[in-house]
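**Student:** There's a structure below that I have some questions on.
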Amino acid sequence: MRTASDLMTPNPKMVGSGDSLQDVIHLFLEQGITSSPVINPLGEILGVLSELSLVKAYMLHKAKFHKSDKVGHHIDLLEPATYVDPSLPIIEVLRSMISAPTHRLLVKDSKGKVVGIISPKDLMRAVDGKQNPSQSIKQKLAEAEKNLKSSLEKLTSLEKSLDVYQKVFHETPYIMHAVDKDGKIIMANKREHDFLGYEDGELIGKTIFDLYAESMHADASRGLQAVVEGSPQQMTYTSMKKKDGSTLRCDIVSSSLRDQNGQFISTISVLRPIDAEELLRVLNGIVEDKDSPLARYITTKSEKS
């Protein structure tokens, strides 16, 4: 029986609470990391830092809303860590991952030491039956993202927060957009325009219903409302609509940007296109292998519904 120890990536990278945001951005991009545990000088885990929270912390720091550029001074942006035992069966790993805030699990041994981390990608590989992890979507983008550090270094002495956000949006290699509380697109970077087949600036003023496929409109509305109301970052798969009407499957993480008084400024969403071939392999595996743990779990959930 497959367990957490079979799925995990061993010896995960740890971010120190005293590390600078700039150094952590460099670490994430160079090594294709999407989230990392944060430890204090005593070796205690304070929480999990996601790539979206890292971007938010950097923006708030550059916008003068937060003086410190140390990770530990942005502890309010960390997600609580979820721990599992190395011997936990794969079906229980799935249940734990669904309920975990970051959908990432830290594997802790009997001595209390973190020995691995499990991401949704690791679970997908288990379903797919591949033992050797293929290059992640994040890693495929790594070369293009190497210029993020130099781009962010240009963001100095800017007085207005939205100026900072727009600068980051236009220079970052991530696919990003922001909408106001009514769902109107107020920022979308060049990568997103290119990704969806629009001319630069053409998306501004459109709404989330222009961005997402019609089948995703209800989910998009609910997700926007949750983010505006201050719910933790929303992570999901969705379908984006291109200008020519075709659709693209994406992995999207959304959260809110707020000023020093906690007032809502806008959403911030980071998108990553999904490897269609890999996703199809996984879905085919779930459908065809009726005895797989995931298939049994889905069947059980359907019967209970």
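**Student:** Among (1) aliphatic (A, V, I, L, M); (2) free of Cβ contacts under 8 Å to residues at least 12 places away in the same chain; (3) under 20 Å from HIS26 (Cα atoms), there is one condition LEU54 misses while meeting the rest; what is its number?
**Tutor:** Evaluating LEU54 over (1) aliphatic (A, V, I, L, M); (2) free of Cβ contacts under 8 Å to residues at least 12 places away in the same chain; (3) under 20 Å from HIS26 (Cα atoms) leaves (2) as the failure.
**Student:** Can I ask one more? Which members of the range 61-75 meet the condition of being surrounded by fewer than 21 Cβ atoms within 10 Å (Cβ to Cβ) and either touching a strand residue (DSSP E or B) at 6+ places or on another chain (Cβ under 8 Å) or modelled with pLDDT of 85 or more (or both)?
**Tutor:** ASP69, LYS70, GLY72, HIS73, ILE75
**Student:** For HIS193, are the conditions met, namely being buried (at least 18 other Cβ atoms within 10 Å of the Cβ) and either free of Cβ contacts under 8 Å to residues at least 12 places away in the same chain or within 16 Å of the chain's Cα centre (by Cα) (or both)?
**Tutor:** Against the criterion (buried (at least 18 other Cβ atoms within 10 Å of the Cβ) and either free of Cβ contacts under 8 Å to residues at least 12 places away in the same chain or within 16 Å of the chain's Cα centre (by Cα) (or both)), HIS193 qualifies.
**Student:** From the residues in the range 1-56 that are in contact with an Asp or Glu (Cβ under 7 Å, 6 or more places away or on another chain) and β-branched (Val, Ile, Thr), which one is nearest to ALA81 (Cα to Cα)?
**Tutor:** Looking at the filtered set, the residue picked out is VAL48.
**Student:** Of the residues that sit in the range 205-223 and are over 15 Å from SER269 (Cβ atoms) and of a type outside the set (S, T, N, Q), which one is surrounded by the most Cβ atoms within 10 Å (Cβ to Cβ)?
**Tutor:** ALA213
**Student:** Something else about it: Check TYR297, TYR237, TYR212 and return the single one that is at pLDDT below 60 and of a type in the set (Phe, Trp, Tyr).
**Tutor:** On inspection, the qualifying residue turns out to be TYR297.
**Student:** Do any strands (runs of 3 or more DSSP E) entirely within the range 35-108 hold 2 or more residues that are over 14 Å from SER17 (Cα atoms), and if so, which?
**Tutor:** Correct list: 105-108.
The values are calculated or read from the model by the stated rules, or taken from the named source; none is laboratory data. All values reported here derive from a predicted model rather than from experimental measurement. In this analysis, Cβ positions are derived from the backbone assuming ideal geometry, glycine residues included, and neighbour counts consider all displayed protein chains.
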